[in-house]
Amino acid sequence: MPPHGAEITPAEPDPGHAGEGSRLPVPRALTIAASDSGGGAGIQADLKAFAAAGAHGMSAIVALTAQNTTAVTAVHELPPEFVVAQLDAVFDDIGVDAVKTGMLYSRRMIETVAAYLADRRVPLVVDPVMVASSGAALLQDDAVEALVTLLFPLATVVTPNLHEAIALAGDLESRAELARALHDRGAAAVVVTGGHGEPPVDLFFDGADCIEIPVDRFEVAATHGAGCTHSATLAALLARGAPLEEAARGAARAAGEAVRHGLAELGTGEGPVDILNVKGAA
């Protein structure tokens, strides 16, 4: 580590190793989201899902949360310039094949991330994280419109759950109407996730067709991180070159399996999902 106050000279990126077109044996997926100290959701869930889907996972952390299965007790947002430094470090050396965004927390962070990704166009999954499974707000009120106007137009697909879709588009009569409304607000494609609804399906809309994707439902009290796992898997599959509908179906299967293996015994609230089936390997 350099002495305090010493200038840090960034390493020159290797053009054969960074960015699009590099010949690597594994796809590269990046999550831009917050840390969950309980390990159930956020970047921790994303990195596990990337690995399970066969992608090298990387992260740019926008905020730290003090979080467990019952509550989010504190949020510490990182400076936007440090988030940009993380993004530069990843894009300029390792390269990125797909990105997902999760909890972005504030308007200024959304503005920072959107401006950066507008100049680094790769497949982008926007998971509009608004509320934790414990009920804690994860997106400030004045950030909602920025999320829609700045990030939706950059997204390959947006993946709200049913409650988030209603918050963003209004209380419409069906998931198909919600998906169409979000598409009209700038998203190229939408997956309204609904494994907890009736019937248990994800609704996929790409601007042309509305397709219901069946979701396996498991009565396990361990859904913390299911949405993060879904969107991260979708991003990893896009990084692997899968067509969008195929990636959406794979993400639905992975999220269902993560709940099936979920760790309901951990904590006193909704337990974390287990995409790696750690309990099965113990």
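The values are calculated or read from the model by the stated rules, or taken from the named source; none is laboratory data. Worth saying up front: this structure is predicted, and the values here are computed from it rather than measured. Note that we place each Cβ from the backbone using ideal geometry, even for glycine, and neighbour counts take in every protein chain shown. Remember, those area values only see protein heavy atoms, side chains included, never the ligands or the DNA or RNA. Shrake-Rupley method; radii C 1.70, N 1.55, O 1.52, S 1.80 Å.
A compact table of results
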{"read-out": "Qualifying residue in segment 221-237 (condition: surrounded by fewer than 18 Cβ atoms within 10 Å (Cβ to Cβ), touching an Asp or Glu at 6+ places or on another chain (Cβ under 8 Å) and of a type outside the set (Phe, Trp, Tyr))", "value": "yes"}
{"read-out": "Residues being assigned to a helix (DSSP H, G or I), aliphatic (A, V, I, L, M) and over 10 Å from Leu150 (Cβ atoms) - total across segment 91-116", "value": "2"}
{"read-out": "Near pairs, Cβ below 8 angstrom, 6+ apart or cross-chain, from segment 265-282 (under 20 Å from Leu47 (Cβ atoms) and open to solvent by less than 80 Å² (accessible area, probe 1.4 Å)) to any residue that is of a type in the set (Asp, Glu) and part of a loop (DSSP other than H, G, I, E, B)", "value": "Gly271/Glu265"}
{"read-out": "Which numbered condition Phe204 misses (of (1) open to solvent by less than 10 Å² (accessible area, probe 1.4 Å); (2) assigned to a loop (DSSP other than H, G, I, E, B))", "value": "(2)"}
{"read-out": "Residue identified as of a type in the set (Lys, Arg), open to solvent by 30 Å² or more (accessible area, probe 1.4 Å) and out of contact with any helix residue (DSSP H, G or I) (no Cβ under 9 Å at 6 or more places or on another chain) among Arg107, Arg23", "value": "Arg23"}
{"read-out": "Set Glu198, Glu246, Glu212: member being in a strand (DSSP E or B) and open to solvent by 40 Å² or more (accessible area, probe 1.4 Å)", "value": "Glu212"}
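Every residue, every condition in (1) aromatic (Phe, Trp, Tyr); (2) assigned to a loop (DSSP other than H, G, I, E, B); (3) open to solvent by 50 Å² or more (accessible area, probe 1.4 Å); (4) in contact (Cβ under 8 Å) with a residue 40 or more places away in the chain, yes or no:
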{"position": "Val129", "(1), (2), (3), (4)": "no, yes, no, yes"}
{"position": "Asp142", "(1), (2), (3), (4)": "no, no, yes, no"}
{"position": "Leu147", "(1), (2), (3), (4)": "no, no, no, yes"}
{"position": "Leu151", "(1), (2), (3), (4)": "no, no, no, yes"}
{"position": "His163", "(1), (2), (3), (4)": "no, no, yes, no"}
{"position": "Leu168", "(1), (2), (3), (4)": "no, no, no, yes"}
{"position": "Ala176", "(1), (2), (3), (4)": "no, no, no, no"}
{"position": "Ala181", "(1), (2), (3), (4)": "no, no, no, no"}
